[in-house]
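Worksheet: the structure to be examined is printed underneath.
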Amino acid sequence: MWLVNYWRGRKKQSDPVPTDDVIQLANLDPTKDGSMELAFRFDQVLCPNELRGALERLFQIGNWRILGGRLRQGDGPTGSKFEIHVPAQHDASRPAFLYETLEVNVPIHDHPVGSQVPKGVDRVSILGNQPSVEPLRQATKTPSLIKHLVAANLPLLAFDHINFRDATIILMSFPHGLIDGVGYSLFLKAWEAVLHGREDEVPDCYSLADDRVAEFTKQRPTERYLLRAHALRSMSFFWFIVRIMWEKLWYEKVEQHTVCIAGWFVSQLRKDIMIDLVKNQTINAEKIEFVSESDVLLAWMTRTFVALAKPAGHRRLVLSNVVNIRPAILPSGKDTAYLKNAVSAAYTIKPVSQILREPVSSLAAQIRSSLIQQRTRAQIQAGLALCAEIDRNPVYPPLVGTADMFWVLWTNWDKADFLGLDFSPAVRFPATGGGPVSSITPSCVLKTDVNNILWPGGGIVAGRDSAGNWLVQWSLRKSTRAQLEKLLAGINEQERANQDGSDIEQL
């Protein structure tokens, strides 16, 4: 149906409904023109009616009802490029969201598509490639581009609920030009609160017309951007883009692989790194404790990729770490959910030869130092101001580095806590015994849309599952994957040998 609406609406939108509330949008993020789709796997069968009912109730609370609107091109007197038209009353003809269900009477591991959404394991392992979930899509088979979503006159949010005999996969789709990952996690936490009967814990929500990033960029910076001298401008930026295009044409295809990094490995790695940092006094003693497991994981994965890819030693690694800037742009102490895109980046710059020469602890320490220095309110503001100065999108800081840099981009969702989403009240077959159902959290969360441009070396850290294992979508070329599989097999073999030795000592 949406395709019919799209073709009908290519030249002219449907007439507005006079009773709709119209929300004027300042802008949409021009760098994200598509929808983001996430696949959540739960190792219990969930009742769709419970989840749908909680969602319907959430859309009746405060500004959360705006998410039930339709995105339209602006045609009012304000001149806004986009508007959201929110129905005064949602009904079957104009629902607040799309929610379709599918019952599949087989175990998830026997299903050709469901089995591609794996759960974590207690080892370091490549679990598979990015799954193709197209056969499971119904509601989420919606327009992937903003202009098509506008023409189709559909709700902003779509869900596909697929029940297997022993598990559930929920596909969730939303316009990324309007909502970012952290914003969507705030929506999920509000949904969870309603599901648990804790409506008093649902925070207020900023209107989507409220553009806090735009207001922030209008303020005069109080200091210079620390990486101003490294910002790519004019010709250096041009040659960087040319190199990206050349590598995409000349080198083998980049694929996104689902990788599990066992919790025991990351914990031991951080312990070893902390000892090394204290021994070598790499960073100030008071800052050592701030080196997190996330820092350690990004450092190890980046250094591992550099060692496998073997770039020329004279090139500079530029590690771009996407960060949430809500703490900098929103009033402190106010528990109000801001859903719109609000991210920046902290950059770590280091010569490739130095990365390979030094222990991984050095890179982990520099990642943490970059976050401490570049995530301040003043530096975020200075970076956005510089971006506006060099005539680029002022929503993000400038791209820094050199035209031939070895660029690695990481998005870390650990703080978004997607893997902590608790849908236990919706369990269809709770265990007998009379006690409350324990937390039912996802065993896997994957980004499954195909709108992103994959660049080798980086990817998405989805976070930690309930067993403490890290799930990562790592973008690699096929030749690099083969080398990585051999490396990971060696790590697992060493751990088994250590465990066998420990068992012998106990005897």
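Taking a Cβ cut-off of under 14 Å around Glu252, the surrounding Lys, Arg, Asp and Glu residues balance to a net charge of +3, with basic ones at +1 and acidic ones at -1. Report note on the peptides 175-185, 369-379, 467-477: ranked by the mean count of other C-beta atoms within 10 Å, highest first, their order is 175-185, 467-477, 369-379. Of all lysines in the structure, those lying under 18 Å Cα to Cα from Lys310, and not within fewer than 8 positions of it along the same chain, are Lys248, Lys253, Lys350, Lys478, Lys486. Stretching the chain fully between Ala497 and Asp417 yields a gain of 25.5 nm (0.36 nm per residue, less the alpha carbon separation). Here's how it looks for Ala345: its modeled amide H is under 5 Å from those of Val323, which are all 5 or more places away or on a different chain. Most tightly packed first, judged by the mean number of other beta-carbon atoms within 10 Å of their residues, the peptides 49-58, 410-419 read 410-419, 49-58. Between the beta carbons of Thr19 and His314, assuming R0 = 56 Å, the FRET efficiency works out to 0.30 to the nearest 0.05.
A cut-off under 13 angstrom between Cβ atoms defines the neighbours of Glu201, and their net charge, with Lys, Arg +1 and Asp, Glu -1, is -4.
Leaving out same-chain residues fewer than 8 places away, which lysines sit with a Cα under 24 Å from that of Lys340? Filter leaves Lys32, Lys81, Lys141, Lys147, Lys189, Lys218, Lys415, Lys447.
Listed highest first by mean packing, meaning other Cβ atoms within 10 Å per residue, what order do 130-140, 219-229, 349-359 come in?
130-140, 349-359, 219-229
Assuming charge only on the beta carbon of Lys and Arg (+1) and of Asp and Glu (-1), the dipole of the range 53-152 about its Cα centre is about 340 debye to the nearest 20. Using only side-chain charges placed at the Cβ, +1 for Lys and Arg and -1 for Asp and Glu, the dipole size of the chain relative to its Cα centre rounds to 1820 debye.
Dipole of the chain computed with +1 at Lys/Arg Cβ and -1 at Asp/Glu Cβ about the Cα centre; of Leu102, Gly181, Val360, farthest Cα towards the positive end is Val360.
How big is D for the range 335-388, in µm² s⁻¹ as a whole number, if Stokes-Einstein is applied with the Kirkwood radius of its Cα pairs at 25 °C and 0.890 mPa s?
Once the numbers are plugged in, D ends up at 184 µm²/s.
A cut-off under 12 angstrom between Cβ atoms defines the neighbours of Leu154, and their net charge, with Lys, Arg +1 and Asp, Glu -1, is +4.
Just so you know, all these numbers are worked out from the coordinates, no wet-lab data involved. Keep in mind that this is a model prediction, so the values were computed, not measured. Note that we place each Cβ from the backbone using ideal geometry, even for glycine, and neighbour counts take in every protein chain shown.
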